[in-house]
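Enquirer: Just dropping this structure here.
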Amino acid sequence: MQENYKPLAIEQEVQAAWDASGVFNVSESSTQDKYYCLSMFPYPSGKLHMGHVRNYTIGDVISRYQRMLGKNVLQPMGWDAFGLPAENAAMQHGVHPADWTYSNIDYMRDQLKRLGFGYDWNRELATCDPSYYKWEQWFFLKLLEKGLVYKKTAPVNWCPHDMTVLANEQVIDGCCWRCDTQVERKEIAQWFLKITAYADELLASLETLDGWPEQVKTMQANWIGRSEGVEMSFPVPEADQPLSIYTTRPDTLMGVTYLAVAAEHPLALKAAETNAEISAFIDDCKMMETSEAAMETMEKRGIDSGIKAVHPITGEQVPVWIANFVLMGYGTGAVMSVPAHDQRDFEFALKYGIAIKQVIFAKDGGDDDCMDAGGRAMQGAIADDCSEQAYTVKGVLKNSGAFDGLTSEQAFTAISEALEKDGKGQRKTNFRLRDWGVSRQRYWGAPIPVIYCDDCGTVPVPEQDLPVELPRDVVLDGSQSPLVAHPTFSHTTCPTCGKAARRETDTFDTFMESSWYFARFAGSNPDSMLDESAKYWLPVDHYIGGIEHAILHLLYARFYTKLLRDEGLLVCDEPFKKLLTQGMVLKDGSKMSKSKGNTVDPQGLIDQYGADTVRLFIMFAAPPEQSLEWSDSGVEGAFRFLKRLWKQAYQHCEAGGSTVPLDKQALTEEQQGVRRQLHLAIQKVTDDFGRRYTFNTVIAANMELINTLSKFDDDSDNGKAVRHEALEAIVLMLSPIVPHICHQLWLDLGHQQAVVSASWPEVDTTALEQDTLELVLQVNGKLRSKMKVSVNASKDEIETMALSDEHIKRFIEDQPVKKVIVVPKKLVNIVV
């Protein structure tokens, strides 16, 4: 064994040995229990950052631990390779998006290998490969057949710079998340997946996800947003159709003083035909983004359309306003406004002088109170009134005609039944969740496989013609979609009638690729989307990724799994059994972000200290779910610890190691103490790995063991055997975290088989048994001495021994002892 720890040479040699043996390549034929551990795959941006390193180290640690438990462990890696950044890079650097992407993949793959992650590289995939997105296109057409795909015009967040639709989460402070361009609201035709058809199941099956953080399940439940309400009609004499309104508070119906419609609503457009002011207002609304967060915080603006609707119960005329906070793509594009009982409606009514009529009051009584159109409070104001803000809690109805005196709960039923009886409404379950818009107006994505024919309409691309591949000869200048501008891509023939037709030039949202990649990893049969291998491996046993993916990616992956199940391609209902959401990596208190340039390059650290040091630091600095504060000194400390571990093993091997088996019957008290600490550590570390996932405490426990061994000076045969046992256990316990150094040390300790194939250490329960205990001795709560007693000593014996201790006698002196408190197995406190 060499004296000095040389990580770079060791790691290169160990990684070559792993590659040669194919130790991480697994198959479905194993008789072992399967374990599928997966970290969210990266976008190939160019280089790994420390957030990547943390994510993938956590996954690798869990995978290696499960291997040591005897599981058949699958841990794959691939690339979320489509997306707008590749197009932007192409324009910036004059390189094709495919070339830029694959070059980045090659570099980042080498980085992952340098970090020693135990991936089955035979299963590597890139979502931009036609052999991958072919099946995405095929599945889309299956969903189209089932009626789970449709196309409609809808308002979207539009980035005029990148010329593409943005998800709400991609709009930051009204601007595009990538180029900071002001986002516009635009109406375009888009393809949608009918995720709302699965809303009930997506919500209900959250209860089965025992291995998910409650925070994530709550976020998803809120996003789905199931509600019970009433859908009702407000007749509009000037229109052919009534206004359809959905509300969860029908008890407030008698307090409606205006209706609000979206700027794109047909009534708004009709009003704009003869009113220039309304037309200008609608144009202004087009510059507003559609995210809910923005809608909540932006200034609420509106204009009276001049159109009147008819209240479905009272028959009174209700003004119809056009408001910027109503979106055509959400619900019916119209809402009933009850200023007295909704704060947004209240502020809007005050701003525009609309009447405020209170109809809900506290259940313990109170006088009538409302406001006129001038905002003046009428007589009878009480503590629960709406003179300064909306009264939003439920209570008792007044000012509501036949419904006066009913509670809000009773009125829900009574008003619903009255509307149903008159054919003006019906109870309905609604969801905040909206169907998933999957169209993107860009080049670097999977083409949507449909054809438009003037005679035949929308026609699916025949299965034998899949995949519809992206053309390579495109011009990316930012002026328009390269597929629209391409001279031949959109020109084709109709598969049905043979006449000239047009291809769809939109591509899929990249969430489409990431919503099923975990299943494709399980088996990449070129002749099918998924095969029996996917049924063997899925669901994923442990999924690791950032909390920022708690809603969209995870929700879409759950949805896609149910779609694949219903197509007979999977047998599971949910994709991921356990979910670990790791915290961010921070430097100087701010998130490390490549887009902000605030990042530490892991490659430089690997070159300086080796991969094991980087892995050790990233696991020791904080528990996985917490944010990690970057520390250069912490990295240096991790390197020092590995050198200490190496030194302990080297000194032991140079002294001849252990050639005699451990004689448990002849152990000295000190040897027993070392073994007890060792097996207590194995017991704790096993729990930290298998249940708690607190890898920082795993490292801390092994650091304490190394400290103990450094003080353990015993060259006897049993002393060497105890040290050997401890070093072997430390190597085994640390091998999931620092696999390279542990690989070498395991061989140096005399083993022929590689540590990657070794079993997890077992606790020797006999080592935990004790003949004596050490108790802390206190006088008036202050530590004054310690003593050892038999584990079978009685309370009286312990008291007598404590009072006889020489140190205790000195502190007591002649003071009378008032009380002796014995805390079993811990301490004795003498009160004087």
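Values quoted throughout were computed directly from the atomic coordinates according to the rules given, and no laboratory measurement underlies them. Here the structure is a predicted model, which is why all the values come from computation and not from measurement. For neighbour counting, all protein chains shown are included, and Cβ atoms are generated from backbone atoms with ideal geometry for every residue, glycine included.
Enquirer: If you take the alpha carbon radius of gyration of segment 170-232 and divide it by 2.2 N^0.38 Å, what ratio comes out, to two decimals?
Expert: Against the empirical 2.2 N^0.38 Å value, I get 1.58 for segment 170-232.
Enquirer: Just to confirm the number: angle between the C-alpha axis of helix 739-748 and the first principal axis of the chain, 0 to 90 degrees, nearest 10?
Expert: With both axes taken from Cα atoms, the answer is about 20 degrees.
Enquirer: Could you tell me what percent of the DSSP beta bridges with both partners in the chain are antiparallel, to the nearest 5?
Expert: Expressed as a percentage, antiparallel bridges in the chain total about 75.
Enquirer: Would you mind estimating how fast segment 690-832 diffuses translationally, via Stokes-Einstein at 10 °C and 1.306 mPa s with the Kirkwood radius over Cα pairs, in µm²/s?
Expert: My calculation gives 85 µm²/s for D.
Enquirer: While we're on this one: Return one number: the angle in degrees, 0 to 90 and rounded to the nearest 10, between the long axis of the Cα atoms of helix 50-68 and the longest principal axis of the Cα atoms of the chain.
Expert: It is inclined by approximately 60 degrees.
Enquirer: What Kirkwood hydrodynamic radius, in Å, does segment 455-540 give when the mean of 1/r is taken over all pairs of distinct Cα atoms and then inverted?
Expert: 15.9 Å
Enquirer: Another one. Show log10 I(q)/I(0) for segment 226-431 at q = 0.08, 0.11 Å⁻¹, two decimals, from a solvent-free Debye sum over equal Cα scatterers.
Expert: Evaluating at q = 0.08, 0.11 Å⁻¹ gives log10 I(q)/I(0) of -0.26, -0.50.
Enquirer: Follow-up. Provide the packing ranking of 812-822, 427-437, i.e. peptides ordered by the mean count of other C-beta atoms within 10 Å per residue, highest first.
Expert: The most tightly packed comes first, giving 427-437, 812-822.
Enquirer: I need the peptides 578-587, 750-759, 773-782 ranked by packing, meaning the mean over residues of other C-beta atoms within 10 angstrom, with the highest value on top.
Expert: 578-587, 773-782, 750-759
Enquirer: If you don't mind, there's one more thing I want to ask. Using helices alone, what [θ] at 222 nm do you get for the chain, with -39,500 (n - 2.57) per DSSP H run of 4 or more residues, divided over all residues and rounded to the nearest 500?
Expert: Details: 27 runs with 302 residues, N = 832.
Value at 222 nm, helices only, nearest 500: -11000 deg cm²/dmol.
Enquirer: Can you tell me the orientation of helix 669-687 relative to the chain, as the angle in degrees between its alpha-carbon axis and the longest Cα principal axis, to the nearest 10?
Expert: With rounding to tens, the tilt is 10 degrees.
Enquirer: Taking a quarter of the surface of the Cα convex hull of segment 632-768, what do you get in nm²?
Expert: Values: hull surface 33.1 nm².
Over all viewing directions, segment 632-768 projects a mean Cα-hull area of 8.3 nm².
Enquirer: Cross-chain or 8 or more residues apart, Cα under 19 Å: how many lysine pairs in segment 226-431 fit that? Count them up, please.
Expert: Step by step, the pairs that qualify in segment 226-431 add up to 10.
Enquirer: Rounded if a/c is under 1.5, else prolate if a/b is larger than b/c, else oblate: which is segment 772-831, with a ≥ b ≥ c the root eigenvalues of its Cα gyration tensor?
Expert: Prolate shape, in that a/c is at least 1.5 and a/b is the bigger ratio.
Enquirer: Is there a pair in LYS587/LYS643; LYS786/LYS826; LYS782/LYS825 whose C-alpha atoms are over 20 Å apart, and which pairs would that be?
Expert: LYS587/LYS643
Enquirer: Just report the Cα centroid separation between segment 651-711 and segment 112-143, whole Å.
Expert: After rounding, the separation between the Cα centres reads 43 Å.
Enquirer: I would also like to ask the following. Report the far tail of the P(r) of segment 52-95, meaning the percent of Cα-Cα pairs longer than 12 Å.
Expert: So the pairs more than 12 Å apart make up 71 percent of the total in segment 52-95.
Enquirer: Next question. Straight-line reach from LYS142: which lysines have Cα under 20 Å away, leaving out those fewer than 8 places along the same chain?
Expert: LYS134, LYS151, LYS152, LYS194, LYS535, LYS562
Enquirer: While we're looking at this one, here's another question. Reported to two decimal places, what Rg/Rh ratio describes segment 612-699 when computed on Cα atoms with Rh from the Kirkwood expression?
Expert: 1.07
Enquirer: Can you list the aspartates and glutamates whose alpha carbon sits under 13 Å from that of LYS647, skipping same-chain ones fewer than 8 residues off?
Expert: GLU3, ASP748
Enquirer: HN-Hα J couplings of segment 144-158 from phi, Karplus 6.51/-1.76/1.60, θ = phi - 60°, integer Hz, Gly and Pro as x?
Expert: Computed from phi, the couplings for segment 144-158 are 4, 4, 7, x, 9, 10, 8, 10, 8, 7, 8, x, 9, 7, 10 Hz.
Enquirer: Amide H of VAL779: which non-local residues (sequence gap of 5 or more, or other chain) have their own amide H closer than 5 Å, using H built in the peptide plane?
Expert: ARG784, ILE830
Enquirer: Please list, ordered by chain and number, the residues whose modelled amide H lies under 5 Å from the amide H of GLN190; skip anything fewer than 5 residues away on the same chain.
Expert: Sorted by chain and number, the residues that satisfy this are LYS152, THR153, ALA154.
Enquirer: Shape verdict for segment 95-238, please, from the Cα gyration tensor: rounded (a/c under 1.5), prolate (a/b greater than b/c) or oblate. Can you show the working numbers first?
Expert: Numbers: a/c = 1.83, a/b = 1.43, b/c = 1.29.
Prolate is the answer for segment 95-238, as a/c is 1.5 or above and a/b outweighs b/c.
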